[in-house]
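Beneath this line is the structure, given in structure tokens, with notes to follow.
Just so it is clear, none of the values below were taken in a lab; they were calculated from the coordinates. Bear in mind the structure is a predicted one, so any value in this text is a computation, not a measurement. Neighbour counts are summed over all protein chains in view; Cβ atoms, including those assigned to glycine, are modelled from backbone coordinates with ideal geometry.
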Amino acid sequence: MNEFEWRRAVIKVGSALISPDGHQCSAKYLLAIARFITESRERGKQVVIVSSGSVAAGRGSIAHNAHPSIAEKQAMAAVGQTQMMANWSRFFDFPCAQVLLTYDDFHDRSRYVNIKSTIRELLNNNILPIVNENDTVAVDVLKVGDNDNLAAYTAMVAEADTLVICSDIDGLYDADPRINADAKLIPRVDKIDGSIYALAGGPGTKVGTGGMRTKIEAADKCAESGIQTLIVNGGKGEVFDALLDGRIPGTRFSPGKSPDSAKEQWLKHTLIATGRIEVDQGARNALKQEGASLLPIGITRVAGDFLPGDAVEICHNGVPFAKGVTLYSAADLNAIKGLRSDDFENAIGYSSGEAAVHRDDLALL
């Protein structure tokens, strides 16, 4: 087994562990997880839970057909969120706090900072934050969509050093162990590339929405931010005894060598790009090799309908290599692309500075 150390962890617990029958909360698998959390806190470590299961927990309270509507699912979530919190709280003799988030909360810089501050204050006061997607109000365009990636975003905003994804499988295998008896567990992944993604199967359970691919996506995000990710079997109590001993009975995805700054994390992983800017080779080199700002003189094409303050992908030969916050609208960039800053006022009647995207608001992908 791998050995590991950690200081602050986000623990993601899926629907299949919280509501094994798909209709209500259960203590069946959570006792061992709760014991691990309590013991870890007594050792001076900090924990944040990302919990699935609100829709499943409230499913039995809302009349529905085989395929519930969005409104029915949101009603289930409204009922189930209180049941899920009550289910967690009964395991602990310290306070728990519910934190409901949507993609839009991570997308907005001021909200992102507020989330960070709230979680920090909760942890400083020895309160256990329990995070869930706000399924009661979120629509598809504002949803993270799966709690594996929500857990990755939470690990970044909480400045955790570890993400533990509790699955219904022992970790990442070189083949699907449910259909291949010779499949072997991969104990450690040092680099996530196409070959690792190729090992991902489809959704694992009828209750959860995330298969192995979303777990690898979450590990990928965390690795770039200097956070290690563990995939373990949350249905086996002995797993958490091993974790308390510093052993990993599953798969460990190694963290990257250089953690991103908080702003880089936000730019790369949580900000939604609303347009694309194509640049020439000179601009690409200046951004990648010199850490320069993007100047309109290096822009060859603008796509999308965006405004100042929106996020854009920066591409060369159609391949995105950076993301940043634009200082000009799409219409104005189309008018000043290829021009020097002295010519901006003649072209559009004003100037917001020589940069289209300032280096402080730009992250390389």
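Below, the figures for the structure above:
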item	result
Greater than 24 Å apart at Cα, pairs in 12/116; 28/221; 191/268; 268/288; 45/184	28/221; 45/184
The stretch 2-264, relative contact order [Cα under 8 Å, separation at least 6], %	23
For the stretch 272-364, fraction of C-alpha pairs farther apart than 15 Å, in %	51
Cα long-axis angle, helix 212-224 against the chain (0 to 90 degrees, to the nearest 10)	60
Kirkwood-based shape ratio for the chain, expressed as Rg/Rh from alpha carbons	1.02
Relative packing of peptides 114-124, 317-327 - highest average C-beta neighbours within 10 Å first	317-327, 114-124
On Cα atoms only, tilt of 281-290 relative to the major axis of the chain in degrees	60
Relative intensity, log₁₀ I(q)/I(0), of the stretch 1-78 from a Debye sum that treats every alpha carbon as a point, q = 0.19, 0.26 Å⁻¹	-0.83, -1.17
For the stretch 2-264, share of DSSP beta bridges that run antiparallel, in % to the nearest 5	20
Sum of -39500 (n - 2.57) over DSSP H runs of 4+, divided by residues of the chain (222 nm, nearest 500)	-9500 deg cm²/dmol
Per residue convex hull volume, Cα atoms of the stretch 75-125, in Å³	73
Relative contact order (percent, whole number), the stretch 30-83, Cα cutoff 8 Å, 6+ residue spacing	36
DSSP-defined beta bridges in the stretch 272-364 - what % are antiparallel, rounded to 5	75
Nitroxide proxy distance, nm - points 7 Å out along Cα→Cβ at residue 126 and residue 181	5.2
